[in-house]
Amino acid sequence: MQLNLAVGGPNTPFTGKTNPDDSVLPQKFYVDYVRVYTKPAPTETALDRTGWTVTTSPVTGTPGNMLDGNLSTRWTTGTNMASGQYFVVDMKAAKSFNKIVMDSTGSNNDYARGYQVYVSNDGANWGSAVASGTGTGPVISASFGSVSARYVKVVQTGSASNWWSVHEFNVYTSGGGTGAALNRTGWTAATSPVTGTPANMLDGDMATRWTTGTDMVPGQYVTVDMKSSKTFNKLVLDCTGSNNDYARGYQVFVSNDGTNWGSAVASGTGTGPVITVNFAAQNARYIKVVQTGSATYWWSIRELNVYN
Ligand SMILES: [Ca+2]
Ligand SMILES: [Ca+2]
């Protein structure tokens with residue numbers, strides 16, 4: 001916390017007397033109170049469900065009723081809750097989100113007794129659950145680190161002599177992040193070709209750089225290990241000082257194991273020494289930037305920063 005206090009008096013430009021008279025100091029300056037606020041949580045937004053579709057297991061009832069904005073209509077299993085029942089929502093395009101809410105209000109005993117939430121970009125590979133828990137009432141809210149995906153699957157994992165009913169299903173995003181650069185303490189970088197000093201792109205010093213030392217060719221890359229998974233939505237590559245050494249083209253990949261990189265989260269062409277890459281919020285430990293262009297200049301990065 002920083003407090004800026006100013007002392008005024010007769011010797012000010014406002015009175016026409018412009019010669020400060022320091023002999024009046026020291027004076028007492030009373031602060032009645034200092035109030036400290038907690039920054040409010042970012043505003044949540046429910047994603048627009050227009051065009052979304054949903055399929056269920058068991059195949060029964062009217063799945064679309066959980067997406068129709070009407071709390072009086074529902075999808076229901078029509079049979080007792082059993083582990084393994086599920087529904088899959090297709091949002092038709094990849095979205096960034098960090099919370100789902102299942103609302104069974106109106107069928108108050110029909111909430112999932114247990115649940116797992118999975119996400120996927122192809123509707124086939126679901127990976128590990130991004131959230132799981134137990135339901136204790138008709139509104140079940142599950143939060144998780146921000147993900148980017150097209151499909152959401154909720155698996156019911158409990159048992160009860162009630163049907164499983166969902167009147168409304170919504171997906172939320174926290175909106176934009178803080179815009180702050182992530183703290184790079186402890187981060188490491190590796191490069192291909194293996195050359196130069198990769199750490200120079202993470203040292204906060206624009207006078208130091210990593211460079212290929214050879215002309216730009218497609219396939220050169222850098223990987224950054226942030227040592228734990230972070231949420232982020234922007235990357236900046238800065239080669240100011242080696243102004244011709246910007247990546248002529250790039251692809252950005254993210255990974256949680258440093259081995260499986262999936263599809264690029266962003267790609268584009270560089271046109272100057274500062275390359276800013278925006279993308280849907282990611283949650284990952286590793287970032288890889290692949291240089292995809294050709295030039296008779298070396299590829300250099302003086303600073304690489306990641307933002308949320
Ligand atoms: Ca409904
Ligand atoms: Ca540097």
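The residues on offer are S229, S132, S148, S143, and the sole one that is under 23 Å from V290 (Cβ atoms), assigned by TED's automatic domain parsing to the domain that holds S96, within 21 Å of the chain's Cα centre (by Cα) and open to solvent by 30 Å² or more (accessible area, probe 1.4 Å) is S148. In segment 165-237, counting only strands (runs of 3 or more DSSP E) that sit wholly within it, the ones holding 1 or more residues that are away from ligand 2 (no atom under 16 Å from the Cβ) and under 23 Å from V130 (Cβ atoms) span 168-173. Residues in segment 238-265 that are part of a strand (DSSP E or B) and farther than 22 Å from G145 by Cβ: D238, G249, Y250, Q251.
Residue-by-condition table, conditions (1) within 16 Å of ligand 1 (Cβ to nearest atom); (2) under 27 Å from S143 (Cβ atoms); (3) outside the structural domain of Q251 (by TED's automatic domain parsing); (4) out of contact with any strand residue (DSSP E or B) (no Cβ under 8 Å at 6 or more places or on another chain):
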{"position": "A266", "(1), (2), (3), (4)": "no, yes, no, no"}
{"position": "G272", "(1), (2), (3), (4)": "no, no, no, yes"}
{"position": "A281", "(1), (2), (3), (4)": "no, yes, no, no"}
{"position": "K288", "(1), (2), (3), (4)": "no, no, no, no"}
{"position": "A295", "(1), (2), (3), (4)": "no, no, no, no"}
{"position": "W298", "(1), (2), (3), (4)": "no, no, no, no"}
{"position": "I301", "(1), (2), (3), (4)": "no, no, no, no"}
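The selection criterion, being hydroxyl-bearing (S, T, Y) and under 17 Å from S96 (Cβ atoms), holds for S229.
Selection of segment 144-164 for residues being farther than 14 Å from S120 by Cα and either free of Cβ contacts under 8 Å to residues at least 60 places away in the same chain or part of a strand (DSSP E or B) (or both) yields F144, G145, Q156, A160, S161, N162, W163, W164. Scanning segment 59-76 for residues that are farther than 20 Å from S141 by Cα and surrounded by 13 or more Cβ atoms within 10 Å (Cβ to Cβ) yields T60, G61, T62. Listed by first and then second residue, the pairs with beta-carbon distance under 6 Å, at least 6 apart or on different chains, first residue in segment 104-132 and part of a loop (DSSP other than H, G, I, E, B), second open to solvent by 30 Å² or more (accessible area, probe 1.4 Å) and of a type in the set (S, T, Y), are S104/Y111; G123/Y151; W126/Y118; A129/Y118. Restricting segment 191-210 to residues that are surrounded by fewer than 17 Cβ atoms within 10 Å (Cβ to Cβ) and in contact with a Gly (Cβ under 9 Å, 6 or more places away or on another chain), the residue that is farthest from R285 (Cα to Cα) is A207. On inspection, T296 does not qualify as without any contact (Cβ under 8 Å) to a residue 12 or more places away in the chain and either assigned to a strand (DSSP E or B) or out of contact with any Cys (no Cβ under 7 Å at 6 or more places or on another chain) (or both).
The values are calculated or read from the model by the stated rules, or taken from the named source; none is laboratory data. Here the structure is a predicted model, which is why all the values come from computation and not from measurement. Every residue, glycine among them, receives a Cβ derived from its backbone with ideal geometry; neighbour counts consider all protein chains shown. Note: accessible area is taken over every heavy atom of the protein model, side chains too, but ligands, DNA and RNA are not part of it. Shrake-Rupley method; radii C 1.70, N 1.55, O 1.52, S 1.80 Å.
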